[in-house]
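Working notes, beginning with the structure itself.
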């Protein structure tokens, strides 16, 4: 059988394509992956540096600037990586000699079809943009989010804020992911300062003046405690009778705390209140609880 040069033509053409266009496409894809990896590595280094500066400092809570910088660094990293992939895709199409101009009409039709399904994605991205630029909340904040279609609010510590979603971890250790466009109300429990509010239910026959004096003394002793004083912004105060029923009288005590520390302070004050009331022979209802009010809503 006679072997002619035309039999090797397909193989030669394939080798020529691989050595020219194929190599260029491979290098473009590889370069995009390396650049995206480098940007991701740089973003992680920046956020780690922000976290380390907080952990090694004397601050008990993150400053608003620190939380905002952490969120902005994450978003910028995500945007830059997206731009790299878009540019790489356009470059690959050009190297493959695909007529991008002729794809405009089909892309328009496809875009119109996908537009209806992508409305929520665009809404999420726009909402995320305003969440970050307005500093509504950031990494490390304790927030409560009202979500569209859910009867229960999502509450936890923010672990990640992107343009599309907000991720938080609740007290049970569960990670909750909420699309930004579905957040109808955000309550920041750790912005600037917080307030622990303790309603103390006592029998209606109790001497209210004595109860107020006991609670005042609890506030003085709590503010003198070195462990609690660093969490308090000022001395806890007694607001007086908050609720009056046939059998009970509820006396309110409030304490301004560092952001996010109202839960710890509230628990400590409840223990002190219960012990002080017991020493004075005043019965405290089992309903003694900490109510969180006065938090910044954004």
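Since every read-out is calculated from the coordinates, none of them should be taken as a lab result. Bear in mind the structure is a predicted one, so any value in this text is a computation, not a measurement. No Cβ is skipped: glycine too gets one built from the backbone with ideal geometry, and neighbour counts run over all protein chains shown.
Some notes on this structure:
- Cβ-Cβ FRET estimate between residue 152 and residue 41, R0 fixed at 45 Å, reported to 0.05: 0.75
- The slack in the chain from residue 125 to residue 89, taken as 0.36 nm per residue of separation less the alpha-carbon distance, amounts to 10.8 nm.
- Label-point separation in nm, residue 175 to residue 264, each point 7 Å along Cα→Cβ: 2.5 nm
- Rough spin-label spacing in nm, given labels placed 7 Å along Cα→Cβ, for residue 234 and residue 271: 2.7 nm
- Residue-span extension gain [residue 27 to residue 212] - 0.36 nm each, minus C-alpha spacing: 59.0 nm
- Virtual spin-label span in nm between residue 280 and residue 48, 7 Å along Cα→Cβ: 5.4 nm
- By other beta-carbon atoms within 10 Å, ranking 199, 207, 160 with the fewest at the front produces 207, 160, 199.
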